[in-house]
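Q: Here it is: the structure, laid out below.
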């Protein structure tokens, strides 16, 4: 356990990448193979961060995936025996380390203080156990984050090695930027499965709602509130749309171009609804302005999702 904590805190051992180029060209090549910013501009997998002669800080960025416990490459360029060397190590960011140290340290103090207090008052015996449980949760969360990013070291190594050691005329397309085209290998990208499942779930819920005639259901301590459809036409539209969403889910799973275009149609429809609905509804009253603000935020989010969806075109086929 203590060795694992030490490894988490210090990161990997020192690693080096010897460049076949000069100092300025090495810096420029690595900078060209990476991105300065990742959020909200990354629509494909990439290496992002700072690339300077005296400081290199890079992370693997996967769109729509966040992981505070993933490793960064932290290092710098050095001139050694007439060669340019990128030297550093893979480790978590200092901010995450400080946060985890504060979290675990405070919980350890609470556990010790609670144990002392529990000796005098057995009624609070659960207090130190709760602190120990929270410590275990923090350790488990860190371990889970590292497990999800277990391939990041090798992935970043490939990006840096390609940028510093592969001449431009022998580099393969997309090599160094981390933008491997999975469509060319026939491999189904990971996001396809949860996205198809999400669409299928929405479609099934809509069909169940149309068949049962229940538009909304809200339960609470005072009982349940069931809202039926206002008319049969709207109910039929919901049912038809839900069947169409099921078809789109199947198309996403099979990666058809029709499903890709349908994604834009749904995004556009949702953005139009977010703006028009607050303008035409008569039951909002003073909440109209907040509803419009929320609609504007929804449109901004829709634009971001649309940009990401457009970048996934190469995963779909006719």
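Q: Which members of segment 113-134 meet the condition of being within 37 Å of the chain's Cα centre (by Cα) and at pLDDT 85 or above?
A: Residues satisfying the conditions are 129, 130, 131, 132, 133, 134.
Q: Taking the condition of being part of a strand (DSSP E or B) and modelled with pLDDT under 90, how many residues in segment 40-72 meet it?
A: Residues meeting the conditions: 2.
Q: When you go through (1) part of a helix (DSSP H, G or I); (2) closer than 17 Å to residue 13 by Cα one by one for residue 75, which number turns out not to apply?
A: Result: residue 75 fails condition (1) only.
Q: Mind checking whether some residue in segment 5-15 is more than 20 Å from the chain's Cα centre (by Cα), closer than 30 Å to residue 313 by Cα and modelled with pLDDT of 90 or more?
A: Checking segment 5-15: not a single residue is more than 20 Å from the chain's Cα centre (by Cα), closer than 30 Å to residue 313 by Cα and modelled with pLDDT of 90 or more.
Q: Being assigned to a helix (DSSP H, G or I), out of contact with any helix residue (DSSP H, G or I) (no Cβ under 8 Å at 6 or more places or on another chain) and under 30 Å from residue 53 (Cβ atoms) is the filter here, so list the residues in segment 86-112 that pass it.
A: Those that are assigned to a helix (DSSP H, G or I), out of contact with any helix residue (DSSP H, G or I) (no Cβ under 8 Å at 6 or more places or on another chain) and under 30 Å from residue 53 (Cβ atoms): 94, 95, 96, 98, 99.
Q: Moving on. Could you list all residues from segment 277-311 that are under 16 Å from residue 261 (Cα atoms) and either free of Cβ contacts under 8 Å to residues at least 60 places away in the same chain or not assigned by TED's automatic domain parsing to the domain that holds residue 248 (or both)?
A: Passing the criteria: 302, 303, 305, 306, 309.
The values are calculated or read from the model by the stated rules, or taken from the named source; none is laboratory data. These numbers were taken from a predicted model, which means no experiment stands behind them. Methodologically, a virtual Cβ is constructed for each residue, glycine included, from the backbone with ideal geometry; neighbour enumeration extends over all protein chains shown.
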